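Have a look at this one before I ask anything.
The values are calculated or read from the model by the stated rules, or taken from the named source; none is laboratory data. Since the model is a prediction, treat every value here as computed from it, not as a measurement. Cβ: placed from backbone, ideal geometry, glycine included. Neighbour counts: every protein chain shown. With ligands, DNA and RNA removed, areas are computed over all heavy atoms of the protein, side chains included. Shrake-Rupley method; radii C 1.70, N 1.55, O 1.52, S 1.80 Å.
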Amino acid sequence: MPETLVRPLFRFDNSYARELLGLAVPWQPAKVPAPSMLYFNRALAEELGLDADALHGDRGAAIFSGNEVPEGAMPIAQAYAGHQFGGLSPSLGDGRALLLGEVIDCHGRRRDIAFKGSGPTPFSRGGDGKAAVGPVLREAIVGEAMHALGIPTTRALAAVGTGEPVFREDTLPGAVLTRVASSHLRVGTFQYFAARGQLDKLRQLADYAIRRHDPELVDHPDRYVELLRAVAERQASLVARWMHVGFIHGVMNTDNMTISGESIDYGPCAFMEAHDPGAVFSSIDTHGRYAYANQPLIARWNLARLAEALLPLMDGDEPARAVPRATEVIDGFPAQYERHWLTGARAKLGLSRAEEHDRALARDWLALLQAQAVDHTLAWRYLADAVDGEGFRLQALFEDTRPLMGWLARWRGRGTLEASTPAERALAMRRTSPIYIARNHRVEEALTAASVDADFEPFNRLLDVLAQPFDERPGLETYVAPAPPEVTARYRTFCGT
Ligand code: AMP
Ligand code: MG
């Protein structure tokens, strides 16, 4: 019989397991009784160069539940630490996750394929290592929503039901999430080795991070300071984007902040409805540490923790010089963030030139929304109607339209300095401000139907809607509407551990 070439399901190239021996623990996923595919992201599978046809059915369920470890995978539990709500936990790590391996995608980018909910590991600290269907699907929804909004994010490749109960406050159906990331390097990964004074490992890790995310820095004489600067730049851009879509991560602990600049770990996260700087939805964030408006401040705080971890690597000969240089990067963060925020705000206002008072114009707009508790998403979206028309939909969002009218006159005046036509500006604004976001009541509805009734229709429909957040389509009005205020006031998201 002629030998046929069998296409491998995955072409793994596991640099972390290979190059960072001793920074992770080789481990195997737990077996589950009855794997069933709940969600398979075919487009992402294809982008990763995987055999999507072979993976979408039972074979995929076996693999993405952890029951069958595919050829070439080298599953490892990664070590990391983290400041959680301000306090350092020196030993967290993959307590319910495993890095299955890495692949090079069709654009030549290295991507991690990792499990979440795949059973206990040496980092589990008494936890069961499992995940429930609801939180797993939440990660899938929010990740896909962010991706469609053009915001760097980890994404779900698959969600598989395990056929096994998970015991939380209630008994819940179990699931495993397969997550794709540019890497799972976190601020906390550096803190783990810094906290132990393991400088060789810390240096190996930092050099690895540079090769993977900032290869142009490999031969830079100040490469660790520059790594910090690069991470700060990516986080400044990321958090500015969150702010412009009203996203609240909910648990910006240092173990949930990536080196790559992707959003990661969608637990108690939410998109806000009425614009409110103090908005918090997480049930565990009792003091509002991770409230909407605090996010840029927390990003800076987290970066200061990264700087501390990297300090011993900077200026090996002259440690006293390291502190001011790291401080210079951290002190530069607010301006870096403001720059990204203002660029985003201009785009949302339909402006391409930079004029002196643009920042005040944008800030005053948000103050208007805050004063009248106007829906963040709809206000930005319907503002486009008011470029060249009356903006009835916009006006309807305000109880008192007088302050709006005054602001609109200023904004239209500013618009006349642009080279574009009003119609062009309206079009550009509608490509920047979405009509559909993952509204909390819609997410809950989808998760409840899937988790309680095994009905995936609302989940699949919501994913479809969110895949094209900028294209308003007839028949989807119920995805546009905010939740009734009493629902939002009660809304709490849970960590889902
Ligand atoms: P997270 O809240 O998902 O960012 O997780 C914070 C830390 O707790 C990480 O080290 C997780 O691995 C760990 N963890 C969360 N849930 C569990 C669980 N059910 N079993 C074991 N470890 C967990
Ligand atoms: Mg986490």
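Here are the criteria: (1) assigned to a loop (DSSP other than H, G, I, E, B); (2) within 15 Å of ligand 1 (Cβ to nearest atom). Tell me which single one Asn302 does not satisfy.
If we test Asn302 against (1) assigned to a loop (DSSP other than H, G, I, E, B); (2) within 15 Å of ligand 1 (Cβ to nearest atom), just (1) comes out false.
Would you please name the residue that is farthest from Pro482 (Cα to Cα), looking only at residues in the stretch 423-443 that are assigned to a loop (DSSP other than H, G, I, E, B) and among the β-branched types (Val, Ile, Thr)?
It comes out as Thr432.
I'd like the full set of residues that are assigned to a strand (DSSP E or B), more than 20 Å from Gln28 (Cα to Cα) and not hydroxyl-bearing (Ser, Thr, Tyr), limited to the stretch 149-160.
Selection gives Arg155, Ala156.
Can I ask one more? So, of the residues in the stretch 86-124 that are in a loop (DSSP other than H, G, I, E, B) and within 13 Å of ligand 2 (Cβ to nearest atom), which turns out to be farthest from His441 (Cα to Cα)?
My answer is Phe123.
Here's a follow-up. Here are some residues: Asp255, Asp265. Which one is within 16 Å of ligand 2 (Cβ to nearest atom), closer than 21 Å to Ile437 by Cα and either of a type in the set (Phe, Trp, Tyr) or out of contact with any Cys (no Cβ under 6 Å at 6 or more places or on another chain) (or both)?
Criteria check complete, one pass: Asp265.
Looking at (1) over 20 Å from His213 (Cβ atoms); (2) at pLDDT 95 or above; (3) not polar (S, T, N, Q), which one does Asp13 not meet, given that it meets all the others?
(1)
Can we say Met74 is over 21 Å from Val160 (Cα atoms) and aliphatic (A, V, I, L, M)?
Considered against the rule, which asks whether it is over 21 Å from Val160 (Cα atoms) and aliphatic (A, V, I, L, M), Met74 comes out as no.
Let me ask you something else. Condition first: without any contact (Cβ under 8 Å) to a residue 60 or more places away in the chain and crowded, with 17+ Cβ neighbours inside 10 Å. Now tell me which residues in the stretch 58-69 satisfy that. Full working, then the answer.
Filtering the stretch 58-69 for residues without any contact (Cβ under 8 Å) to a residue 60 or more places away in the chain gives 58-59, 62-63, 67-69.
Selection gives Ala62, Ile63, Asn67, Glu68.
Related question: Return yes or no: is Pro33 touching a Leu at 6+ places or on another chain (Cβ under 7 Å) and modelled with pLDDT of 95 or more? If you could, list the steps in order and put the result at the bottom.
On the way: touching a Leu at 6+ places or on another chain (Cβ under 7 Å): no; modelled with pLDDT of 95 or more: yes.
Taking the combined requirement at face value, the residue does not satisfy it.
Scan the stretch 70-119 for residues that are away from ligand 1 (no atom under 16 Å from the Cβ) and open to solvent by less than 50 Å² (accessible area, probe 1.4 Å) and jot them down. Can you show your working first?
Quick first cut of the stretch 70-119, residues away from ligand 1 (no atom under 16 Å from the Cβ) only: 70-74, 101-111, 113.
Result: Pro70, Gly72, Ala73, Gly101, Glu102, Val103, Asp105, Arg111, Ile113.
Are any residues in the stretch 282-297 within 15 Å of ligand 1 (Cβ to nearest atom) and either surrounded by 20 or more Cβ atoms within 10 Å (Cβ to Cβ) or aliphatic (A, V, I, L, M) (or both), and if so, which ones?
Ser282, Ile284, Asp285, Tyr290
Identify all residues within the stretch 129-146 that are farther than 17 Å from Ser183 by Cα, among the charged types (D, E, K, R) and within 16 Å of ligand 2 (Cβ to nearest atom); write none if there are none.
Scanning the stretch 129-146 gives Lys130, Arg138.
Might you check whether a residue that is closer than 30 Å to Ala132 by Cβ, open to solvent by 40 Å² or more (accessible area, probe 1.4 Å), within 16 Å of ligand 2 (Cβ to nearest atom) and touching a residue at least 60 places away in the same chain (Cβ under 8 Å) occurs anywhere in the stretch 430-449?
Checked against the condition, which is being closer than 30 Å to Ala132 by Cβ, open to solvent by 40 Å² or more (accessible area, probe 1.4 Å), within 16 Å of ligand 2 (Cβ to nearest atom) and touching a residue at least 60 places away in the same chain (Cβ under 8 Å), the stretch 430-449 yields no hits at all.
Go through the stretch 243-264 residue by residue and tally those that are on the phi > 0 side of the Ramachandran plot and within 11 Å of ligand 1 (Cβ to nearest atom). Before the answer, list the steps.
Of the residues in the stretch 243-264, the ones on the phi > 0 side of the Ramachandran plot are 246, 250, 261.
Next, from what is left, pick out any that are within 11 Å of ligand 1 (Cβ to nearest atom): 250.
Residues in the stretch 243-264 being on the phi > 0 side of the Ramachandran plot and within 11 Å of ligand 1 (Cβ to nearest atom): 1 in total.
Further question on the same structure: Mind listing just one residue for me: the one in the stretch 329-371 that is without any contact (Cβ under 8 Å) to a residue 24 or more places away in the chain and crowded, with 18+ Cβ neighbours inside 10 Å and, of those, farthest from the chain's Cα centre (by Cα)?
Ranking the candidates gives Ala362 first.
Further question on the same structure: Checking Phe193 against (1) within 26 Å of Ser283 (Cα to Cα); (2) within 16 Å of ligand 1 (Cβ to nearest atom), which test does it fail?
Checking Phe193 against (1) within 26 Å of Ser283 (Cα to Cα); (2) within 16 Å of ligand 1 (Cβ to nearest atom), the one that fails is (1).
Could you figure out which of (1) touching a residue at least 60 places away in the same chain (Cβ under 8 Å); (2) part of a helix (DSSP H, G or I); (3) more than 33 Å from the chain's Cα centre (by Cα) isn't true of Leu417?
(2) is the only condition that Leu417 fails.
Among the listed residues Pro312, Pro324, identify the single one that is more than 16 Å from ligand 2 (Cβ to nearest atom) and surrounded by 15 or more Cβ atoms within 10 Å (Cβ to Cβ). Spell out how you get there, then give the answer.
Working: Pro324 fails: surrounded by 15 or more Cβ atoms within 10 Å (Cβ to Cβ).
Step by step, each of Pro312, Pro324 is checked, and only Pro312 is more than 16 Å from ligand 2 (Cβ to nearest atom) and surrounded by 15 or more Cβ atoms within 10 Å (Cβ to Cβ).
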